[in-house]
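The values are calculated or read from the model by the stated rules, or taken from the named source; none is laboratory data. Fair warning: this is a prediction, and the values are worked out from it, not measured in the lab. Neighbour counts run over all protein chains shown; Cβ positions are idealised from the backbone, glycine included. Heavy atoms of the whole protein, side chains included, go into the accessibility calculation; ligands, DNA and RNA do not. Shrake-Rupley method; radii C 1.70, N 1.55, O 1.52, S 1.80 Å.
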Amino acid sequence: MLCRLLVRAGAEVQVVMTAAAKEFITPLTMATLSRRPILVEFFDPENGAWHSHVSLGEWADCYLVAPATANTLAKMATGVADNLLLTAYLSARCPVLVAPAMDLDMYAHYATQQNLRSLADHGVRIVEPASGELASGLEGKGRMAEPETIVRAVEELFAEKKKPLAGKRFVVTAGATIEPIDPVRFLSNHSSGKMGYALAEELAARGARVTLVSGRTALATPAGVERVDVLTAAEMHRAAVEAFAEADGAVMCAAVADYTPCEVAASKIKKSDEGDWMLRLKRTQDIAAELGGAKGGRLLVGFALETDDERAHAVDKLERKHFDFIVLNSLRDAGAGFRGDTNKVTLIDRAGSEELPLLSKRETAARIVDKIESCITK
Ligand code: PMT
């Protein structure tokens, strides 16, 4: 039934049987269901052909042992290699699932439980057995999980494989900050938030939990992303520092004001004909530099928006703010920077740089997240 379901779901199934398994179900049945000859021995007794456990281990995208007996589990946990199933397990490069099936006392025994824990500690997925009537006639936990449950576990594993950032948390800052001068006027910049939102969307699509700390924008929140709206650089600072405390990394894409008015007038400032109006400004906190100073082993990606001497300024920010890499975009490149749907960036780290062509912001985000992934899995 399990084999039939897997084949029906589009899997190519190569059945490996132990000698004991052949006592329960005939090789012919399994070969018919899987549409391939089954493998039992290292050598084909008919013609002496060698069944390479290494190539089996390389070929499979998933290695499923079902039903997994107490004996096989014990051998897997201790590295015994006395049949083809076990040698293929030892050379498997793919995720491994086991669906234990045995009598209730054998399943509950500390030795079996210890073997299961040890396998789980080494990344083997356990599909818990069900409770019910067992082959021995006893009732209890030990019956192999239903074939549908096992197929679901395999499908979940493949779904996770497509989400390489599952379990990771990222902070993304996006958009422009707004620094009020009075209730009517403010200082800001041209950032639309598009680049940062594309990054948040891409990170979430690859399974990361994303907190998007966003300046004012007209954009919709990407699916699956937690958004924290802020106005000023000081508010963005507070929100980013708080979210970074729980995060594995941050991408600093926002265009943050470097200066803010020393005072914010409570009422609208009236124009006057007596000379120029001088607005006193003070420095805002550099959010990226602060996160960089406290990042430890976490990943920090910065942006640099430049108009001249681009590379030198970007490299200076890479070092000063302790970024792992920085994304340089220059206003001298057509289609790059603020507001549009495209960008042209260069990814710079301490080993070198990679210049990307003009791409949509979503494609640019995908390339940036590719680099984030490779940094994380290094
Ligand atoms: O939003 P879009 O319209 O799509 O435009 C995208 C963008 C041009 C805004 C984006 O691609 C970009 O370049 N963002 C960074 C802009 C910027 O302010 O860079 P900067 O060189 O001033 O700052 C360097 C780095 O420090 C940035 O990562 C910035 O987020 C961070 N920073 C700066 C000042 C500050 N007080 N706190 C910070 O965290």
*Taking segment 114-163 on its own, how many of its residues are in contact (Cβ under 8 Å) with a residue 12 or more places away in the chain and either on the phi > 0 side of the Ramachandran plot or among the hydrophobic types (A, V, I, L, M, F, W, C) (or both)?*
20
*Considering only segment 227-238, state which residues are open to solvent by less than 20 Å² (accessible area, probe 1.4 Å) and either near the ligand (Cβ under 10 Å from one of its atoms) or within 17 Å of G292 (Cβ to Cβ) (or both).*
A233, M236
_I'm checking my understanding of the structure. Among residues of segment 347-372 that are in contact (Cβ under 8 Å) with a residue 24 or more places away in the chain, within 16 Å of A250 (Cα to Cα) and not in a strand (DSSP E or B), which one is most open to solvent (accessible area, probe 1.4 Å)?_
K371
*If you scan segment 178-195, which residues turn out to be within 12 Å of the ligand (Cβ to nearest atom) and of a type outside the set (D, E)?*
S188, N189, H190, S191, S192, G193, K194, M195
*First in segment 276-305 and surrounded by fewer than 21 Cβ atoms within 10 Å (Cβ to Cβ), second anywhere and acidic (D, E) and outside any helix (DSSP H, G or I), Cβ under 7 Å, 6 or more apart*: R283/D258; T284/D258; R298/D248; L299/D248; L299/D324
*Answer yes or no: is there a residue in segment 306-317 that is near the ligand (Cβ under 8 Å from one of its atoms), part of a strand (DSSP E or B) and open to solvent by 60 Å² or more (accessible area, probe 1.4 Å).*
no
*asked:* For the list (1) near the ligand (Cβ under 9 Å from one of its atoms); (2) more than 11 Å from C253 (Cβ to Cβ); (3) open to solvent by less than 20 Å² (accessible area, probe 1.4 Å), I need the number of the one condition that G175 fails.
replied: (2)
*Test I326 against the stated conditions and say whether it is touching a strand residue (DSSP E or B) at 6+ places or on another chain (Cβ under 7 Å), open to solvent by less than 10 Å² (accessible area, probe 1.4 Å) and either free of Cβ contacts under 8 Å to residues at least 60 places away in the same chain or not in a helix (DSSP H, G or I) (or both).*
yes
